[in-house]
Amino acid sequence: MTTTLITGANKGLGFETARQLVAAGHTVYIGSRDAERGRHAAELLGARTVVIDVTDDASVAAAVKTIEAHGGLDVLVNNAGVEARGEGNTVVGAADLTADMMRSLFETNVFGVVRVTHAFLPLLRRSAAPVVVNVSSGLASLTRLSAEGTPAYAYPGVAYPASKTTVNMITVQYAKAFPEMRINAVEPGFTATDLNGNTGTQTVEEGAEIIVRMAQVGPDGPTGGYVDASGPLPW
Ligand code: NAP
């Protein structure tokens with residue numbers, strides 16, 4: 001039996017990933033920073049739930065204890081994420097970005113990934129087939145954001161894409177450090193969720209597909225990659 005934790009799984013892509021992995025036979029922990037939202041989501045899916053705020057050491061340590069007490073962890077999906085949006089759901093661009101805003105966003109999107117992965121390493125190391133999926137973004141790609149005339153080039157945000165580029169680097173370095181694990185970064189694609197005020201053009205079913213696929217890679221599968229549903233992406 002494969003046991004999987006998905007952070008930020010009470011809604012959006014994390015919730016849909018949980019739904020698809022429950023259907024695939026995983027024992028899924030819905031990670032939620034709010035106990036009631038997590039319980040509700042878990043009830044809908046026939047999943048388990050654990051309170052985990054990825055910005056809080058004590059919360060993460062408590063989640064490790066809970067999951068360890070029930071047998072361990074095979075798959076970690078670092079999905080919890082936030083974007084910097086201001087008035088009228090507009091992306092915060094270079095002129096308005098402050099260091100405090102950047103720090104706060106990195107606390108979830110970057111330090112959260114490190115905090116959670118580091119805390120669960122002992123459990124993952126005990127798994128016969130440990131897997132980590134880091135939910136990145138197409139906006140992490142320096143190549144894409146530098147390609148004039150594309151939608152990615154026109155994206156004005158700074159903190160969010162910088163955080164996801166950092167997630168990609170974390171993925172590469174962790175994959176080399178832990179060759180016994182499969183560790184990959186995935187781009188779900190522009191998906192209608194609360195993150196973007198539901199302006200995304202894909203459904204959560206479409207967006208979660210690559211997260212679910214990379215959560216199921218076997219010990220001979222790829223590691224250290226950055227992929228979307230159609231294959232590898234330019235860094
Ligand atoms: P979403 O619907 O807003 O869901 C985000 C989830 O993260 C929520 O469950 C939220 O919990 C949780 N979260 C936020 N801060 C947290 C914290 N400190 N601790 C624990 N959980 C926290 O957004 P989404 O689109 O599904 O995003 C999921 C991931 O996909 C993110 O990493 C995002 O960057 C990435 N992504 C999304 C798109 C897209 O187009 N939607 C594209 C590329 C990548 P609450 O309900 O408590 O706020």
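The values are calculated or read from the model by the stated rules, or taken from the named source; none is laboratory data. Quick caveat, the model's predicted, so the values are computed rather than measured. Counting neighbours? That spans all protein chains shown, and the Cβs are built from the backbone with ideal geometry, glycine included. Note: areas computed on protein heavy atoms with side chains; ligands, DNA, RNA excluded. Shrake-Rupley method; radii C 1.70, N 1.55, O 1.52, S 1.80 Å.
Run the accessible area of the stretch 153-205 with a 1.4 Å probe and give the carbon-and-sulfur part as a rounded percent.
Accessible surface attributable to carbon and sulfur in the stretch 153-205 totals 62 percent.
Cα axis of helix 99-109 to longest principal axis of the chain: angle in degrees, 0 to 90, nearest 10?
Value to nearest ten degrees: 30.
Gaussian network model of the chain, Cα springs within a sub-10 Å range: biggest mean-square fluctuation belongs to which of Ser146, Ser137, Ser163?
Ser146
With springs only between Cα atoms under 10 Å apart, run a GNM on the chain and tell me which of Gly221, Gly14, Gly189 wobbles the most.
Of the options given, Gly221 has the highest mean-square fluctuation.
Using a cut-off of 27 Å between alpha-carbon atoms, which lysines can reach Lys11, once sequence neighbours fewer than 8 places away in the same chain are excluded?
Those lysines meeting the cut-off are Lys65, Lys164.
Using only Cα atoms and rounding to the nearest 10 degrees, what angle (0 to 90) does helix 12-23 make with the longest principal axis of the chain?
The angle comes out near 30 degrees.
When DSSP beta bridges are limited to those with both residues in the chain, what percentage is antiparallel, rounded to the nearest 5?
In the chain, DSSP labels about 15 percent of beta bridges as antiparallel.
Per q in 0.11 1/Å, what log10 I(q)/I(0) does a Debye calculation on the alpha-carbon atoms of the stretch 3-232 return?
Values returned for q = 0.11 Å⁻¹ are -0.50.
Percent relative contact order of the chain, based on C-alpha pairs within less than 8 angstrom and at least six residues apart?
Computed over the chain, the figure is 19 percent.
Can you list the aspartates and glutamates whose alpha carbon is less than 18 Å from that of Lys176, not counting same-chain residues fewer than 8 positions off?
Reachable aspartates and glutamates: Asp220.
To the nearest 10 degrees, how steeply does helix 204-215 sit against the main Cα axis of the chain, on a 0 to 90 scale?
60
Set the Förster distance to 30 Å, then compute FRET efficiency between Ala24 and Thr201 from the Cβ-Cβ distance, nearest 0.05.
Calculated value: 0.70.
GNM on the chain, C-alpha springs below 10 Å: top fluctuator among Pro222, Pro130, Pro151?
Pro151
Can you give the helix-only mean residue ellipticity at 222 nm for the chain, where every DSSP H stretch with n ≥ 4 adds -39500 (n - 2.57) and the sum goes over all residues, rounded to the nearest 500 deg cm²/dmol?
-13500 deg cm²/dmol
Using per-residue counts of other Cβ atoms within 10 Å, averaged over each peptide, order 210-218, 86-94 from highest down.
Order by mean packing, descending: 210-218, 86-94.
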